[in-house]
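Values in this text are rule-based calculations from the coordinates and carry no lab data. Keep in mind it's a predicted model, so treat the numbers as computed, not measured. Here the Cβ is made from the backbone with ideal geometry for all residues, glycine too, and neighbour counts use every protein chain on show.
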Amino acid sequence: MTATPVTIPLSASDAPATSYQPPLRARLSRLVLPVYTALAVAYLFLPIAVMIAFSFNNPRGRQNITWQGFTLHNYIDVWSRPDITNPMLQSLIVAVVSTILATILGTLIGLALTRYRFVGRNTTNILIFLPMATPEIIMGASLLSLWVSLGISRSLLTIIIAHVMFNISYVVVTVRARLQGFDRGLEEAAMDLGADEWTTFRKVTFPLIFPGILAAALLAFALSIDDYVITSFVAGKTITFPLWVYGVSRLGVPPEVNVLGTLIFVVAFLAIAAQVIWQRRQARRQLVPSRAP
Amino acid sequence: MTERRDETRIEQAIARLVAEGQISRRSFLRRASRGGLVLGSALSLPAILAACGIKPLSSSTPIAGPSGSTGGAPTPIPKAAGLLDWANWPAYIDIDEKGKYPTIQKFEKATGIKVSYTEAINDNEEFFGKIQPDLEAGNTTAYDLIVMTDWMIQKMIRFGYLERIDKSQVPNFAANADSLYVNPWYDPNNMYSLAWQSGITGIGYNPKLTKREITTFDDLLDPAFKGHVGLFSEMRDTMCMALLSIDVKPEEATVADVQKAGDKLLKAAKTGQFRSFYGNDYYDELANKNLWITIAWSGDVTQMQLYDNPDVKFVIPQSGGMRWVDNMAIPNKAAHPVDAHMMMNFWYDPANAVPLSEYIGYFSPVKGVPDMISKDADAAEAKGDKTTAAQLRVVAKTVNPTPDQLTHVFNYKRLTETEELAWNSVFEQVRTG
Amino acid sequence: MTAAIRRLRWAIPYLFLVPGGLWLLIFFVVPMAVMASISLQTGSLGTGYALTWNFGIYPEAISQFATQFLRSFEYGIIVTVLTLLIGYPMAYTIAFRGGRVKNILLLLVILPFFTSFIIRTLAWKLILADQGFLLGTLKAWGLLPDGFGLIATPISVISGLVYNFLPFMVLPLYVALEKIDHRLVEAANDLYASRFQAFLRVTLPLSMPGVFAGSLLTFIPSVGDFVNATILGSRETTMIGNVIQSRFLDFNDYPRASALGFVLMAAILVMVLVYARLVGSDELTSG
């Protein structure tokens, strides 16, 4: 698998590397980074491996911390445990909705901050920064007092509002890292070629900043699906997955929780695999005509 | 028991009749439940209440302090609203293989009350922090029934956040409650709370690692165990056990005593004696040998011996252990208080307490539960289901404290706000330095 | 028509700002203003709190918990440096060598964090237990002394923070590295003697926005964190987040908890401004 940069089509970075054989030392040194990254990814996945292993455990007590035998029962039982699956559903709803909203709102702010000079830019910068610097409990408690003073009862909606709020800043900062030093020449070239602003955005700007938006959305999703402190204050009667797991950890986390974690993991993994295959096909299809004389 | 300043004369007369007729009514109910009319009490409750003219703890009652005046306009006849919002801790109720709550369903079927059961409580303090603003503002918390640990019940009573319980609406309590749970330290005469489940705090240890048997609280401070000792991050258990070790009964402790007990712990803490201060995660640390000796809950160690680490032992130190109780209570402005009373009454019927205990295995506040579980075990064995029978026999042993366990356990102190802050400050020193 | 639109161009950034800005204004600034007023109140839960403009609570709170403040910032800096050291090569590899599967590698980095924090941390405690399969094995081989342990030390708290905030570093780094024009890197490779020098002179400076963003996203939440110190730490690793949590929930000492929160925010803000100057980022410092 040679490295072919996706977004900068003019580059031919690895062409020389493949056309001649570098000395052994150089070839080995090229392996250092991939091996290092593989190790780092393995480190990230170590606890996940433990989680998956214990989803097959057959604990007889309340606690699921010592290996007591292999079973597949947990994978059947989990579907008859609405007390576990409902919170997961709530969490997924909150995470998806709040990620979409926060990504849109945050990207817009990121665009405004990096592409325009305007009065109030510094204030906005500080406004973006503050939610990240606020201890979660202070944020949770302050939002709770807002709802109480307005007499609004807490629900799924108030959770989503809170999650969008704390996610916006993370999206802005991530997207901004992409936009900074953005080559405006590409946009100008598109405009010179007769594209209007919207077309330029669609065909040039958006594809270029998309990796940033994707990264921001991933971050927002991860933050949202695992938030405990703020959610606990604004949740009312809605139970999200982290709330349930935290509470049940008093008595022992049942293996069905590991099963759900494993399933989410597997689904995401399969989605990734499907995307890889699809991309390969696309690439092959594109290769054929381009080779034709 | 409840003060009713503006009662009409007729109602007063009826109340007197109720007081005089109390015993006969109780025995009627006992008969009813024994005769298989499991929900007879609940079903006939409205009729009984109507006859007795008991007023419900209506949500129109002005918020009252701990002295709790529940006076008001002429009292309406209590009527179940047909709804109940109940917040409990996760995994604190029986669940069947379809994921339904069978005993709650039984209640719903018998009473026609729709129960909205949520596992919204993860932590006493955090749940309090979450509902406190509403209670303070005089809003409804959206819950009719909550389950809180004894000391939090006491705190909520202190702030006047709980509705009084009308005992006449929970006749099963007088009939079936184990005497241990009647008139508890945190709530004299059970005016605001009825026990849900309970347990004992003592010391858990692994003799293979400590290399000796443990008998006293001071063993936690043995330098030989340095770095492998656990204390609870919850102030009351840790401080009260330390108080007992300096021969002070927690209920009689002064702030000076607490300071003395705190200094004792602080001295050890500064040497790195304690590995950390734990919540529920002490279980894992003890089971997988990071902790050699720690403050622990009785039921957990039974679990651990059976399933996770057979070496671990539980002991109530010579100086004594603590008894904790989780309780059902009705927060202020609850929308459906009558329904909440019916639910409380329901759980004090052994026919309903037994399946709960068989599932969760803590100390049950209802008399006779262990015997009935043993009977269920016999029945299971007769049917040839040996696994279930064996499990039930284990559970039967864990759902009541042994007499031995009870001789050495003490109650927490009813703290005033000033005392609570002082105790917390001492403990903060020990815990965070 | 177009001229009219031109004249309204100044409004475009505000159009972009308004939805998100309003959201933050209503659901963050307004509640925080309430908390600011709470920090200046005196009283107790039982007697009720009243606004007394008690500014003295701020210096008092700082001096009372100076140790925990300093410790939090110390851990925050260590964590940021470590995640940068671990995360940069990862982000670099994904961005420059990831080929078509870049986005997928990126997703792999974040995937573990879709799992509940409790489950991940419990797993870590199992892996790092004194007698667990890692340390237990090393001890059995005589490579570690018997009394050696990782859990409940500063090492475990910092490792926990590093683990949990690594994606916050990797994602913005990747985002910044990925946009670097490869022709520049190649030109640098031609110009400078070694690849490493080329990296120092070209790639690293170009990736600074990512370094800055990643450091912010790692440093800020790790300074205020309390969960890692609660689960993986001991008495000697208590962070300011733990103090705020306990003041709020155990003591119901809302004024002091809020005051501590605001001090933390202010301290972080100062640190970040200093850092922005050092790194030469234009964010936060200039328009």
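Counting neighbouring beta carbons within 10 Å and listing from fewest to most, the residues A:48, A:277 come out as A:277, A:48. Sorting the segments B:217-226, A:206-215 by their mean number of nearby beta carbons within 10 angstrom, highest to lowest, gives A:206-215, B:217-226.
Taking every full run of DSSP H in chain A, the ones that stretch at least 30 Å from end to end by Cα along their long axis and average 1.0 or higher on the Kyte-Doolittle scale are A:24-55, A:82-115, A:156-179. Dividing the helix sum by the residues of the protein assembly as shown, where each DSSP H run of 4 or more adds -39500 (n - 2.57), gives a mean residue ellipticity at 222 nm of -18500 deg cm²/dmol. For region A:135-293, what does the alpha-carbon gyration tensor say about shape, rounded, prolate or oblate, given a ≥ b ≥ c as the root eigenvalues, a/c under 1.5 as rounded, and a/b over b/c as prolate? Cα axes put region A:135-293 in the oblate bin.
Sort region B:139-269 into rounded, prolate or oblate with this rule: let a ≥ b ≥ c be the square roots of the eigenvalues of the Cα gyration tensor; rounded if a/c is under 1.5, and if a/c is not under 1.5, prolate when a/b is larger than b/c, oblate otherwise. Prolate. With 31 Å as the limit, the listed pairs B:98/B:367; B:226/B:397; B:264/C:125; B:313/B:386; B:109/B:413 have B:226/B:397; B:109/B:413 beyond it between alpha carbons. On the basis of the beta-carbon distance and an R0 of 45 Å, residue B:179 and residue C:70 show a calculated FRET efficiency of 0.25. By the gyration tensor of its Cα atoms, with a ≥ b ≥ c the square roots of the eigenvalues, what is the shape of chain C: rounded for a/c under 1.5, prolate for a/b over b/c, or oblate? Oblate.
Placing a pseudo-label 7 Å from each Cα along the Cα-to-Cβ vector at residue C:8 and residue C:131 gives an inter-label distance of 7.4 nm.
Label separation (residue A:68 vs residue B:311): 1.9 nm, computed from points 7 Å beyond Cα along the C-beta direction.
In this structure, the amide hydrogen of residue B:321, modeled 1.01 Å from its nitrogen in the peptide plane, lies closer than 5 angstrom to those of B:409, B:410, counting only residues at least 5 positions away or on a different chain.
With unit charges on the beta carbon (Lys/Arg positive, Asp/Glu negative), name the residue among A:111, C:263, C:77 whose Cα is farthest towards the positive pole of the charge dipole of the protein assembly as shown. Value: A:111. Using only side-chain charges placed at the Cβ, +1 for Lys and Arg and -1 for Asp and Glu, the dipole size of the protein assembly as shown relative to its Cα centre rounds to 2400 debye. For region A:155-293, a crude dipole built from +1 on the beta carbon of Lys and Arg and -1 on the beta carbon of Asp and Glu, taken about the Cα centre, is about 540 debye to the nearest 20. With a Förster radius of 51 Å applied to the C-beta separation of residue A:118 and residue B:139, the computed FRET efficiency comes to 0.75. For chain C, relative contact order (Cα pairs under 8 Å, six or more residues apart, normalised by length) works out to 25 percent. Neighbour counts of C-beta atoms inside 10 Å place B:263, B:284 in the sequence B:263, B:284, starting with the fewest. Projecting the Cα atoms of B:363, B:425, B:322 onto the charge dipole of region B:305-433, computed from C-beta unit charges around the Cα centre, puts B:322 farthest toward the positive end.
Of the residues B:261, B:274, B:198, the one whose Cα sits farthest towards the positive end of the charge dipole of region B:179-293 is B:274 (charges of +1 on Lys and Arg Cβ, -1 on Asp and Glu Cβ, taken about the Cα centre).
Modelled spin labels at residue C:33 and residue C:144, positioned 7 Å past Cα toward Cβ, are 5.3 nm from each other. Hydrophobic long helices, here whole DSSP H runs in chain C with Kyte-Doolittle means of at least 0.5 and Cα atoms spread over 18 Å or more along the helix axis, are found at C:11-24, C:66-97, C:154-178, C:208-224, C:254-279.
Normalised by the number of residues in region A:79-257, what is the relative contact order in percent for Cα pairs under 8 Å and 6+ residues apart?
41 percent
Using the Cβ-Cβ distance between residue A:126 and residue B:215 with R0 = 51 Å, the FRET efficiency computed as 1/(1 + (r/R0)^6) comes to roughly 0.25. Going from the fewest other Cβ atoms within 10 Å to the most, the residues A:226, B:376, B:339 appear in the order B:376, A:226, B:339.
The separation of region C:57-91 from region C:113-169, counted between C-alpha centres, amounts to 20 Å.
About the centre of its Cα atoms, chain A shows a dipole size close to 580 debye [charges on the beta carbon of Lys, Arg (+1) and Asp, Glu (-1) only; nearest 20 debye].
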